[in-house]
Amino acid sequence: MSASVKQEAARIVIQSLKEVAGVPINHSQGHEHDQGMVQRVVSKAVNGSPDILATVFSMTPNQYHPLHAHPDLGELYFILEGACEVRVGDQLKWVEAQTAIYVPRGAPHSLRTKSESVKFLLVFPEGDRSKIGKVWVKEDDDKFSNTA
């Protein structure tokens, strides 16, 4: 017996990032203080991908991607260029290019640049952005305040 595999209609994407328009993150994610630009390279909306959402996220100096969590999915960040401060749960680290960061499902996390820019790849195991829940987390812990 052979198993039947349902193929979803997804397009292969091979393109230069230079060809992908950037969108300010605060206009698309529902937090007025969210800063940075995203370039969506793979998702259900971009190419019909049912199982991967990949975005290149860029932040200039002194920008902040506020503390939030994704209740149903883990997430991967891979720093491509530059450096930033990353908070995951109660860990706070300065990270540079060629660093991978895994954020488990439900873990609060944020990113902050100081004197330099950062560009990172962001990947979710879900192609439909509308199915990726995001909960903004109140920040009231002084040990994570910006001390540039």
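The values are calculated or read from the model by the stated rules, or taken from the named source; none is laboratory data. All values derive from a computational prediction rather than experimental measurement. Methodologically, a virtual Cβ is constructed for each residue, glycine included, from the backbone with ideal geometry; neighbour enumeration extends over all protein chains shown.
Among the residues of the stretch 107-125, write down those that are touching an Asp or Glu at 6+ places or on another chain (Cβ under 8 Å), of a type in the set (A, V, I, L, M) and over 17 Å from Val42 (Cα atoms).
Once the filter is applied, which keeps residues that are touching an Asp or Glu at 6+ places or on another chain (Cβ under 8 Å), of a type in the set (A, V, I, L, M) and over 17 Å from Val42 (Cα atoms), the stretch 107-125 yields Leu111, Val118.
Please enumerate the residues belonging to the stretch 56-107 that are of a type in the set (Val, Ile, Thr), assigned to a strand (DSSP E or B) and over 27 Å from Lys131 (Cβ atoms).
Our first condition is that a residue be of a type in the set (Val, Ile, Thr); within the stretch 56-107, this holds for 56, 60, 79, 86, 88, 95, 99, 101, 103.
If we keep only those that are assigned to a strand (DSSP E or B) as well, we get 56, 79, 86, 88, 95, 101, 103.
Of everything in the stretch 56-107, just one residue is of a type in the set (Val, Ile, Thr), assigned to a strand (DSSP E or B) and over 27 Å from Lys131 (Cβ atoms), namely Val95.
If I ask for residues that are exposed (fewer than 12 other Cβ atoms within 10 Å of the Cβ) and either on the phi > 0 side of the Ramachandran plot or aliphatic (A, V, I, L, M) (or both), which ones from the stretch 74-99 would you list?
Gln98
Pull up the stretch 47-77, narrow it to residues that are farther than 20 Å from Val23 by Cβ and of a type in the set (A, V, I, L, M, F, W, C), then point me to the one that is nearest to the chain's Cα centre (by Cα).
Only one residue fits best here, namely Leu76.
Right, Arg129: charged (D, E, K, R) and at pLDDT 95 or above or not? Before the answer, list the steps.
On the way: charged (D, E, K, R): yes; at pLDDT 95 or above: no.
So Arg129 fails the test.
What tally of residues in the stretch 19-38 results from selecting those that are more than 17 Å from Thr60 (Cα to Cα), among the hydrophobic types (A, V, I, L, M, F, W, C) and modelled with pLDDT under 90?
Number satisfying all stated conditions: 0.
Can you pull out every residue in the stretch 108-139 that is in a helix (DSSP H, G or I) and either within 20 Å of Asn26 (Cβ to Cβ) or touching a residue at least 60 places away in the same chain (Cβ under 8 Å) (or both)? If you could, list the steps in order and put the result at the bottom.
The initial filter retains those residues of the stretch 108-139 that are in a helix (DSSP H, G or I), namely 129-131.
Across the stretch 108-139, the qualifying residues are Arg129, Ser130.
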